[in-house]
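Peer 1: Below is a structure I'd like to ask you about.
The values are calculated or read from the model by the stated rules, or taken from the named source; none is laboratory data. In this text the structure is predicted, and so the values were computed from the model without any measurement. Positions of Cβ are backbone-derived with ideal geometry, glycine not excepted, and every protein chain shown enters the neighbour counts.
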Amino acid sequence: MTRKTYDQLRSARWMAPDDFRSFGHRSRTMQMGYGPQDWEGKPIIAIVNTWSDAQPCHMHFKDRVEWVKRGILQAGGFPMELPALSLSENFVKPTTMLYRNMLAMETEELLRSHPIDGAVLMGGCDKTTPGLTMGAVSMGVPFIYLPAGPMLRGNYAGQVLGSGTDSFKYWDERRAGTITKEEWQGIEGGIARSYGHCMTMGTASTMTAIAEGLGLTLPGASSIPAADANHQRMAAECGRRIVDMVWEDLTPDKIITEAAVRNAVTVAMATGCSTNAIIHLIAMARRAGIPLTLDDLDAIGHTTPVIANVRPTGKGYLMEDFFYAGGLRALMKVLGDKLDTSVITVTGKTLGEGLETARVFNDDVIRPIDNPVYHEGSLAVLRGNLAPDGAVIKPAACDPKFRVHAGRALVADSYDELKAIINDPDHPMTPDTVLVLRNAGPQGGPGMPEWGMIPMPQALLKKGHRDMVRLSDARMSGTSYGACILHVAPEAYVGGPLALLRTGDIVELDVPNRTLNMRVSDEELERRRAAWTPPAPRYGRGYGVMFTKHIMQADSGCDFDFLTTAYGPAVPEPAI
Ligand code: FES
Ligand code: MG
């Protein structure tokens, strides 16, 4: 393998020349207390850190970054920590999804504008994994993704609690009046007990698994709990490895190949996959120039069983159990020839070499292929006159009786309208009703908020019902469950057919046949379309204006059109 020489590094353009500009770069590095021995002949490694005081999932990054730096120094690199938008799923409103592309842009431009040869990306909370990796892929320098790791299992009154999933479950019980205020407060204090991302197989765990499936993490990195000392060692190892990746010029285009993307999709399906992963996978693949579609995802889903018995798709177990059972390496080992193990990962070796010593230690948590949690991948893509560009459902997480269903639509145009419906204990809906929320898509939300797991209406809860068919152009939390049809494309706000649906129309869902229709004639739909007026634009200034102008629909991964690889000529290196 040919190795780069120092004068071929990007950072050498800043640091090496005997000219006035480089004088400035060197003297200012010395202002920070460093000397020539810190940078001469060494790659500069960015650590893009998404720590902030508003990001509980990444609270440990303030410390963990020191371990990454330690590894970089050990391997003869020069670390440069660059903070980036922390995108806390809990605190950022209206939704982090409004800002995923902003983090991607920030990451790309941070790396481009600074004297950076390679990067360690520190993320984990839902949108940070796609945001960071999309940006770094577009920039093109070698990088390693260091996942935050899941938090410890939740615990209250002797019971294990799972992020998100149990909050939703107990909130329904609280609204049904079956748990007390004291019990509710106990759950509040017990459900998130340590730093780290959500420890169900929600969006965070799915996305870090996808990063590992793509080959963007060191082997096993995505399963290590945040509070486990293995995580410090992994952080240091990322620091050591990235320095060599720079010398080896192991750029992301050599890692994210079509085969690697197929591997990532297969891994996602086998984990029980958050519905959000569909959008991010499409966006990530397209940044690497691979035109992944909803149909590709559905096809791989058809032949990939869910073998991770982790909530919400699986029963009982959480990410901590998954780690003890062998983690993602063990899961990939079980997938066997469903994966192309000849692909190269950030290790510089093949995926297969990284799996050599992997073993399953508990085959109830990581199931054999012939005893899966669910016989096919956890996501299905639906199409029909309600969603010509597709919609998704997680059949494994919904009551089987709803997989083929027809019921009358009950339509809410906004979240406030929806709230009035679900909080009305005397609403005359039936268990067959299809509850619809629209104008909650990429433009309508805006940002496609996680409103798609519409809370069960009081009127049905009090009669003992815990699931019903719900339909929206929104997303839902990866920790959600229920018969929720999501990501309807095109969305209602831009005039997709969902905008034409009326309360009382029959909606037909057929998961085995992958269809989603409204029983309304084409002529009637034409009449309704002629009468439809587009809603007023949501933003008159600021980021929202750019978002509105450039955001693509869910089936295209909700990237900005101008950030896709095919858009315009390549961005030049900055003049120095
Ligand atoms: Fe950060 Fe769930 S809130 S991963
Ligand atoms: Mg989430």
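Peer 1: What about residue 268, is it closer than 29 Å to residue 551 by Cα and within 16 Å of ligand 2 (Cβ to nearest atom)?
Peer 2: Criteria met by residue 268.
Peer 1: Looking only at region 531-576, count how many residues are under 27 Å from the mean Cα position of the chain (by Cα) and either in a helix (DSSP H, G or I) or under 28 Å from residue 115 (Cβ atoms) (or both).
Peer 2: Residues that pass the stated criteria total 22.
Peer 1: Look through 13, 21 and report the one residue that is loosely packed, with under 14 Cβ neighbours inside 10 Å, part of a helix (DSSP H, G or I) and not aliphatic (A, V, I, L, M).
Peer 2: 21
Peer 1: I need the full set of residues from region 454-502 which are within 17 Å of residue 382 (Cα to Cα), within 16 Å of ligand 2 (Cβ to nearest atom), in a loop (DSSP other than H, G, I, E, B) and in contact (Cβ under 8 Å) with a residue 60 or more places away in the chain, in order please.
Peer 2: Matches in region 454-502: 475, 476, 482, 487.
Peer 1: Right, another one. Are there any pairs with C-beta distances below 8 angstrom linking a residue in region 178-205 that is over 27 Å from residue 276 (Cβ atoms) and more than 11 Å from ligand 1 (Cβ to nearest atom) to a residue that is assigned to a loop (DSSP other than H, G, I, E, B) and at pLDDT below 90, with the two at least 6 apart or on different chains, and if so which?
Peer 2: 183/157; 186/157
Each row is one residue, and each column tells you yes or no for (1) away from ligand 2 (no atom under 14 Å from the Cβ); (2) under 21 Å from the mean Cα position of the chain (by Cα); (3) closer than 16 Å to residue 309 by Cα.
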residue	(1), (2), (3)
164	no, yes, no
169	yes, no, no
174	yes, no, no
177	yes, no, no
180	yes, no, no
192	no, yes, no
196	no, yes, no
201	no, yes, yes
205	no, yes, yes
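Peer 1: Right, something else. Going through 110, 87, 98 one at a time, which residue ends up being touching a Gly at 6+ places or on another chain (Cβ under 6 Å) and over 22 Å from residue 33 (Cα atoms)?
Peer 2: Details: 110 fails: touching a Gly at 6+ places or on another chain (Cβ under 6 Å); 87 fails: touching a Gly at 6+ places or on another chain (Cβ under 6 Å).
The match here is 98.
Peer 1: Shifting gears a bit: Residue 272 fails exactly one of the following numbered conditions: (1) within 23 Å of the chain's Cα centre (by Cα); (2) free of Cβ contacts under 8 Å to residues at least 12 places away in the same chain. What is the number of that condition?
Peer 2: Unmet for residue 272, out of (1) within 23 Å of the chain's Cα centre (by Cα); (2) free of Cβ contacts under 8 Å to residues at least 12 places away in the same chain: (2).
Peer 1: Would you pick out the residues in region 38-78 that are of a type in the set (Gly, Ala, Ser), crowded, with 23+ Cβ neighbours inside 10 Å and over 18 Å from residue 136 (Cα atoms)?
Peer 2: Correct list: 71, 77.
Peer 1: Continuing with the same structure: Pull up region 281-312, narrow it to residues that are surrounded by fewer than 22 Cβ atoms within 10 Å (Cβ to Cβ) and hydroxyl-bearing (Ser, Thr, Tyr), then point me to the one that is farthest from residue 127 (Cα to Cα).
Peer 2: Across region 281-312, the extreme among qualifying residues is 303.
Peer 1: Still on this structure, I have one more. Which condition from (1) within 23 Å of residue 89 (Cβ to Cβ); (2) at pLDDT 95 or above; (3) away from ligand 1 (no atom under 16 Å from the Cβ) is the one that residue 314 breaks?
Peer 2: (2)
Peer 1: Surrounded by fewer than 19 Cβ atoms within 10 Å (Cβ to Cβ) and under 23 Å from residue 221 (Cα atoms): is that true of residue 81 in this structure?
Peer 2: Yes: the conditions hold for residue 81.
Peer 1: A follow-up question, please. Can you find, within region 99-132, the residue that is farthest from the chain's Cα centre (by Cα) among those that are β-branched (Val, Ile, Thr) and under 13 Å from residue 221 (Cβ atoms)?
Peer 2: Filtering region 99-132 down to residues β-branched (Val, Ile, Thr) leaves 107, 116, 120, 128-129.
Keeping just the survivors that are under 13 Å from residue 221 (Cβ atoms) gives 120, 129.
On the way: 120: 18, 129: 6 Å.
Across region 99-132, the extreme among qualifying residues is 120.
Peer 1: Next question. For the structure I just gave you, tell me whether residue 512 is more than 22 Å from residue 272 (Cβ to Cβ) and either under 24 Å from the mean Cα position of the chain (by Cα) or away from ligand 2 (no atom under 16 Å from the Cβ) (or both).
Peer 2: Working: more than 22 Å from residue 272 (Cβ to Cβ): no; either under 24 Å from the mean Cα position of the chain (by Cα) or away from ligand 2 (no atom under 16 Å from the Cβ) (or both): yes.
In short, no.
Peer 1: Do you know which residues across region 520-531 are exposed (fewer than 12 other Cβ atoms within 10 Å of the Cβ) and under 23 Å from residue 470 (Cα atoms)?
Peer 2: Across region 520-531, the qualifying residue is only 521.
Peer 1: Does residue 508 satisfy the condition of being acidic (Asp, Glu), over 30 Å from residue 109 (Cβ atoms) and in contact with a strand residue (DSSP E or B) (Cβ under 7 Å, 6 or more places away or on another chain)?
Peer 2: Here the answer is yes, as residue 508 does meet what is asked.
Peer 1: I'd like to know if region 452-468 contains one or more residues that are away from ligand 1 (no atom under 16 Å from the Cβ), of a type in the set (Lys, Arg) and surrounded by 24 or more Cβ atoms within 10 Å (Cβ to Cβ).
Peer 2: Checked region 452-468: no residue is away from ligand 1 (no atom under 16 Å from the Cβ), of a type in the set (Lys, Arg) and surrounded by 24 or more Cβ atoms within 10 Å (Cβ to Cβ).
Peer 1: Identify the single condition in (1) in contact (Cβ under 8 Å) with a residue 24 or more places away in the chain; (2) more than 20 Å from residue 169 (Cβ to Cβ); (3) more than 16 Å from ligand 1 (Cβ to nearest atom) that residue 449 does not satisfy, given that it satisfies every other one.
Peer 2: Residue 449 satisfies all of (1) in contact (Cβ under 8 Å) with a residue 24 or more places away in the chain; (2) more than 20 Å from residue 169 (Cβ to Cβ); (3) more than 16 Å from ligand 1 (Cβ to nearest atom) except (3).
Peer 1: Sticking with this structure for a sec: Of all residues in region 288-320 being assigned to a helix (DSSP H, G or I) and hydrophobic (A, V, I, L, M, F, W, C), which is farthest from residue 204 (Cα to Cα)?
Peer 2: 299
Peer 1: Further question on the same structure: Do you know which residues across region 244-279 are at pLDDT 95 or above and either outside any helix (DSSP H, G or I) or more than 22 Å from residue 329 (Cα to Cα) (or both)?
Peer 2: Hits for region 244-279 are 244, 246, 247, 248, 249, 250, 251, 253, 255, 256, 257, 279.
Peer 1: Taking region 211-234, which residues are in a helix (DSSP H, G or I) and out of contact with any Leu (no Cβ under 6 Å at 6 or more places or on another chain)? Before the answer, list the steps.
Peer 2: First, pick out the residues of region 211-234 that are in a helix (DSSP H, G or I): 211-214, 221-223, 229-234.
Hits for region 211-234 are 211, 213, 214, 221, 229, 230, 231, 232, 233, 234.
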